[in-house]
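Quick notes on the structure that follows.
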2 protein chains.
Amino acid sequence: MAPDEIKRISLAVIRRLPKYHKCLGELLQKNVERISSQELGRILGFTASQVRQDLNNFGEFGQQGYGYNVKQLYNEIAKILGLNTEHKMVIVGAGKLGQALAGYTDFERHGFKIMALFDIDPKIVGSKVRDIPVYDMKDIIYFVNENEIDIAVIAVPRERAQEVVDILSKTLIKGIWNFAPVEVKAGSNIIIENVHLLDSLFTLSYRMNESKWMERLARKDGKKR
Amino acid sequence: MAPDEIKRISLAVIRRLPKYHKCLGELLQKNVERISSQELGRILGFTASQVRQDLNNFGEFGQQGYGYNVKQLYNEIAKILGLNTEHKMVIVGAGKLGQALAGYTDFERHGFKIMALFDIDPKIVGSKVRDIPVYDMKDIIYFVNENEIDIAVIAVPRERAQEVVDILSKTLIKGIWNFAPVEVKAGSNIIIENVHLLDSLFTLSYRMNESKWMERLARKDGKKR
């Protein structure tokens, strides 16, 4: 099959994969061996057909009348997510956010190792966060290529983000995890993932408001009858 | 209708609402007046029936043969998300993460105003982040109740998170936005929303790995024929 025939999977499907991964991991811990698409959908809040459609993108995992083997599906999704290989990261920007992220040990537990931070501030360059060194931004191209870094975390102010991405575009970096609240552009060989904190805050806001909203809806329903 | 008859909407549906909100906002900016569930689903990566099912939870927005009125649906979803009222927040923990969040001006732009930070460290208490004062943790109950704060952001280390939530449970707070990478528990009158940074990192990891994965899948498909 020619490379241009290779199908691409929609980003929305991909964004649901970590949720499947987490859910299956929790089921595994509860010693659940198999699960139907209905049940998996119920836990995740998708329709059964959405679940089947999502997972069919990646191969034939389920069996009619049996459902999914939880352990097998969990391992397959981990592989699909690339969690079975080690990733090397650098954090660009050793300010408040960069240092907070460098202090977060959960990344490493999942195979994402932070190798260095980079900054332009001479007062910070040369220091360490945990055991992670802070280097001068001017050395980033050399460092990234030499150490086969595959992910750069952008933790610089909004107005510096594109500039940093332009520099990274000259390296062999493969992925950019962008915390700056601005859309950045890189060459087509670099994948950019933006962190959308507002989505999570909006969800909280809805849930705080839910009972009020539902009461209003119920009153409307009542009137119609 | 009795309060116990009020239906609850699954969290998964709610988590999709900010995506609808964002997408509709972008369509509005492009002067799109109406959209079908098929087209909205295509942009968001859901099936058309998932879109209709999601939105039907909140009322009757679409019209057969017409689709959705973009502006109306955008405004309704903003209302459902509680974005038409002002929220007052405090950040608990004025360390790296707390200060980084306090510096993030996008929250305020959407009606979420940060009124104060709280910390136990006497070296930080009394200082300011931007114009936001850092107060002593011992005053948080009084401050929250007196100023009708509705959201507390947890930006303390993992091992302090539950302790902070226990204190907040004695206040009139309605929502907790938890950045500590640990599950916390509060009374049933408080809504907790956890930030899952790993989901976003895993998505990046997948996308970096995608072409390799898709090639393997294509080879498998090829063999079968």
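Every number here is computed from the coordinates shown, using simple stated rules; none is lab data. This structure is a prediction, so every number in the text was calculated from the model and none was measured. Positions of Cβ are backbone-derived with ideal geometry, glycine not excepted, and every protein chain shown enters the neighbour counts.
For chain B, a simple Cβ point-charge model (Lys and Arg +1, Asp and Glu -1, everything else neutral) yields a dipole of about 1360 debye relative to the Cα centre. 3J(HN,Hα) along the range A:44-51, derived from phi through the Karplus expression 6.51 cos²θ - 1.76 cosθ + 1.60 where θ = phi - 60°, amounts to 8, x, 10, 6, 4, 6, 5, 4 Hz, with x in place of Gly and Pro. Label positions at residue B:56 and residue B:127, each projected 7 Å from the Cα along the C-beta direction, are separated by 5.5 nm. Taking θ as phi - 60° and the Karplus parameters 6.51, -1.76 and 1.60, the scalar couplings of the range B:104-119 work out to 8, 7, 5, 4, 5, 4, 9, x, 10, 9, 8, 8, 6, 10, 10, 8 Hz in sequence order, x denoting glycine and proline.
A straight Cα-to-Cα reach below 14 Å connects residue A:113 with the aspartates and glutamates A:86, A:131, A:148, A:150, residues fewer than 8 places away in its own chain not being considered. Which parts of the range A:127-149 would a label at residue A:172 reach, counting a residue when its backbone N lies under 14 Å from a point 7 Å out along Cα-to-Cβ? Counting backbone N atoms under 14 Å from the label point, the list is A:141-149. Separation of the alpha carbons by more than 32 angstrom is noted, of A:19/A:138; A:174/B:22; B:22/B:185; A:174/B:88; A:79/B:79; A:170/B:88, for A:19/A:138; A:174/B:88; A:79/B:79; A:170/B:88.
Calculate the tail of P(r) for the range A:87-197: the fraction of all Cα-Cα distances greater than 24 Å, expressed in %.
Counting every Cα pair in the range A:87-197, those more than 24 Å apart make up 14 percent.
Its Cα gyration tensor gives chain A an equivalent ellipsoid, and the semi-axes of that ellipsoid, as √(5λ) in whole Å with the largest first, are 38, 25, 18.
Annotation note: trypsin sites (Lys or Arg not before Pro) in the range B:138-195 located in DSSP loop regions with a Cβ neighbour count of at most 12 within 10 Å are B:170, B:185. Which of A:175, A:67, A:59 moves most in a GNM of chain A, Cα contacts under 10 Å? Top of the fluctuation ranking is A:59. Only beta bridges with both residues in the range B:87-194 are counted; by DSSP, about 10 percent of them are antiparallel. The largest-to-smallest principal axis extents of the Cα set in the protein assembly as shown are 60, 60, 51 Å.
Here the 3J(HN,Hα) profile of the range B:191-198, calculated from phi with Karplus coefficients 6.51, -1.76 and 1.60 at θ = phi - 60°, is 8, 10, 10, 8, 8, 10, 5, 4 Hz, Gly and Pro shown as x. Each stretch of four or more DSSP H residues adds -39500 (n - 2.57); spread over every residue of the protein assembly as shown, this sum gives -13500 deg cm²/dmol at 222 nm.
Specify the longest stretch of chain B that does not include any exposed loop site, a site being one of the GluC sites (Glu not before Pro) with a non-H, G, I, E, B DSSP assignment and at most 16 other Cβ atoms within 10 Å. The longest such stretch corresponds to B:87-147. Inter-chain neighbour count for A:79-86: the average number of beta-carbon atoms from partner chains within 10 Å of each residue's beta-carbon is 5.
Give me the tail of P(r) for the range A:3-80 as a percent: Cα-Cα pairs with distance above 15 Å. Counting pairs separated by more than 15 Å, the tail of P(r) holds 53 percent.
Dipole of the protein assembly as shown computed with +1 at Lys/Arg Cβ and -1 at Asp/Glu Cβ about the Cα centre; of B:98, B:202, A:27, farthest Cα towards the positive end is A:27. Neighbour counting of Cβ atoms within 10 Å sorts the residues A:43, A:14, fewest neighbours leading, into A:43, A:14.
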